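What follows is calculated from the coordinates using simple rules that are stated; it is not laboratory data. The structure presented is a predicted model; accordingly, all values stated were derived computationally and were not measured. Glycine also receives a Cβ, built like all others from the backbone with ideal geometry; neighbour counts cover every protein chain displayed.
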Amino acid sequence: MAEAKDKKKRNEFLYFAFRNNKLKVGISIVLFFLVLAAVGALFTKHDPEAFVGPLSDPPSSEFWFGTTVFGQDVFAQFVAGVRATFIVGALGGGLATLIGMLVGFVAGYRGGMVDESLNVLTNIVLVIPTFALLLIISAYFEVRGLILESVFIGLTSWPWAARAIRSQTLSLRSREFVDLARMSGMKPLRIIFTEIAPNMMSYLVMAFILQFGGAILIAATLDFIGLGPTTGFSLGIMMQYAVLWGALPLGTWWWFVPPGAAIAAIVGALYFMNVGLDELFNPKLRET
Amino acid sequence: MRRYFGRKLLIYLVTFFLAVTIDWLIPRLTPGDPIQNMLARAALNANAAETMYTYYTHAFRLDLPIWQQYLNFWNALFHGDLGISTYLFPTPVADVIKDAVPYDIFLLLPAILLSWWAGNKFGAFAARTKRLDNTALPIAYLLTATPYMWLGILLAWLFGIILGWFPIAGAYSYTMGTELSWTFVGSVLHHWFLPFASLFIIFFGGWAIGMRNMIIYELEADYSHYLEALGAPRKLIRKYAFRNAILPQITGLALQLGVIVAGALVTEVVFSYPGIGYLILAAIQNQDYFLVQGCFLFIIMGVLLANFLIDIAYVIVDPRTRKGMVGE
């Protein structure tokens, strides 16, 4: 009986999920780029860094996105860049969400002095221009990898998630079912993970999506200024090289248009997904 | 109100203290010796390198005990001494920054204020207006997802290269010196327009979305339904909703400052606009650590100051903070 009811509820959820155009469009675009990142390397005939073709060649059947001023295959760089983008988003956004959850749950559940001091910490990281912080940290590392960049981004961008999760936890903490769990002698950590977290799952998912998109944008900005990974390719690095080596005056638009367009499409699709999810979880916002 | 400001000030002071400490600590923690790196670039013979090394170590006081170095750092900071730029040797970092700052203010202040005003107006107008909401909202989301430098590059390419309407590098024509004449002012505005526009467009999208969402939230609130039930005109209800929705937007402005600064930095890089962003790029490419550190401190101070000004604005706009009814 309970199972049937559960199934019906899930069906209803899926029903609204499939009716929601924003969610559908958002997920399709993200999936498209994800597949491209995963299998795109099979279609690229050249190494992204190798000098393989004619210089500044427009898109052709041999070089789908043309070549750079040095004769590198732009499509090969693009695929590598999209992959790097997803890695930074997942790692950086994931770490930020994780720290945000930790701080938010503990602050919201414990309250009192713990909450006060965590709040001060959150506000400090929130008020500090994190990009400037990333800049000075990265500038001093001579060898930087994609993972290191993601970790730095995660460590500096969690306060948003922490604040949202804290206020949610605060309101859930005083509910009756949490009181009941507490009275039955459950450990605080278990209460948080079995009673509180499942009730704000939608919140956590949305926080992760936003952090995912945010991490991608921060990474692109860092890469563009020359503080990205010192090896490998990313969409930000492509744009940096394009501007540095005169793609603008040369008019080789195929060099700088695809990387930015991909970032805008991926992050835009993520934001769009978020709006769709918001409507899904919050019937008040649904369009009639 | 005293509690409100006391709390805020405490956070700002602690933040500033931490930022300065990080600024001092990072070069000492990370691998590599800045002076060694600097000299390696100069490629001197071994003898000269030795002399130069001791000279610089002494000049930058790296031979003192660590706690003394820290105190000296603070002391120098309070005297406005941020060290000497190695890239523009021997200009002090503070002077280099001082020359760049007017361009940042000239670029950022109009872009932030105008986009905030226009974005809020537009967002409030678009909310619950079916057709606009369906067309404008996706565009606004796409705008906030657009990397700053990419929009800058596209604008530079379209209006600078293809159409040739605007110059794409510098703050004024290279053939001119700084002078006070109409042609010079014209040239400055001509060079200013594209970087300004690219920042304005992206900021605008963000504010419009924020306002639209807040208005929808406010229109669902009890007071809106009550006014509706009383038969109040739609325009009046929206006016009240707007007033309530503007408060989170002010807080949002404070929270977005970090992102805004990052956007301004890369936009300046795209357009070779001689502000702090362009300076940072040059400093990084020339491994001028003192200049990077100085720019970092300057950005921190600027953002903290802006935060404080926004706090004051918030108190002026929201009567509840004045009466001590809201803690935060």
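Quick rundown of the values:
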item: Given B:LYS130/B:LYS235; B:LYS8/B:LYS121; A:LYS22/B:LYS130; B:LYS130/B:LYS239, the pairs whose alpha carbons are separated by over 24 Å; result: B:LYS8/B:LYS121
item: Inter-chain Cβ neighbour average for residues A:118-130, partner chain, 10 Å; result: 6
item: Residue order, fewest to most surrounding Cβ atoms within 10 angstrom, among A:MET206, B:MET149, B:MET211; result: A:MET206, B:MET211, B:MET149
item: For chain B, with +1 on Lys and Arg beta carbons and -1 on Asp and Glu, the positive-most of B:TYR172, B:LEU230, B:SER85 along the dipole; result: B:LEU230
item: Listed residues B:ALA156, B:ALA232, B:ALA76, most fluctuating in chain B (Gaussian network, C-alpha, under 10 Å); result: B:ALA232
item: Centre separation in Å (Cα based) which lies between region B:162-214 and region A:68-137; result: 31 Å
item: Size of charge dipole - chain B - debye, nearest 20, with Cβ of Lys, Arg +1 and Asp, Glu -1, no other charges; result: 1540 debye
item: Magnitude of the charge dipole, region B:100-288, Cβ model with Lys/Arg +1 and Asp/Glu -1, debye to 20; result: 820 debye
item: Rounded FRET efficiency, nearest 0.05, which uses the C-beta distance separating B:LEU13 from B:TYR70 and R0 of 25 Å; result: 0.90
item: Least to most buried among A:TRP158, B:TRP24, B:TRP117 (fewest other Cβ within 10 Å first); result: B:TRP117, B:TRP24, A:TRP158
item: Ranking of B:TRP116, B:TRP74 by count of other Cβ atoms within 10 Å, fewest first; result: B:TRP74, B:TRP116
item: As computed over the protein assembly as shown, the Cα convex hull volume per residue (Å³); result: 214 Å³
item: FRET efficiency for A:VAL205 and A:ALA50, using Cβ-Cβ distance with R0 set to 41 Å, rounded to 0.05; result: 0.50
item: GNM top mover of B:ARG243, B:ARG234, B:ARG212 - chain B, alpha-carbon springs below 10 Å; result: B:ARG234
item: Highest-MSF residue in chain A out of A:ILE191, A:ILE99, A:ILE266 [GNM, Cα springs under 10 Å]; result: A:ILE191
item: Region B:100-288 - Rg and Dmax from Cα coordinates, angstrom; result: 19.9, 68
item: Using a Förster distance of 30 Å, the FRET efficiency for B:ARG243-B:MET301 (Cβ separation, nearest 0.05); result: 0.40
item: Sequence ranges B:183-193, A:211-221, B:290-300, ranked by mean other-Cβ count within 10 angstrom, highest first; result: A:211-221, B:290-300, B:183-193
item: Value of [θ]222 nm, deg cm²/dmol, for the protein assembly as shown, DSSP H segments ≥ 4, -39500 (n - 2.57) each, nearest 500; result: -25000 deg cm²/dmol
item: Qualifying aspartates and glutamates (Cα of each under 16 Å from Cα of A:LYS187; at least 8 residues distant if same chain); result: A:ASP179, A:GLU195
item: Cα centroid separation - region A:175-251 against region B:80-117, whole Å; result: 31 Å
item: Pair A:SER61, A:ARG175: separation of 7 Å Cα→Cβ label points (nm); result: 6.1 nm
item: DSSP loop trypsin sites (Lys or Arg not before Pro) with at most 13 other Cβ within 10 Å: longest gap in chain A; result: A:46-174
item: Positive-end extreme of charge dipole, chain A - chosen from A:LEU180, A:GLY26, A:LEU121 (charges on Cβ); result: A:LEU180
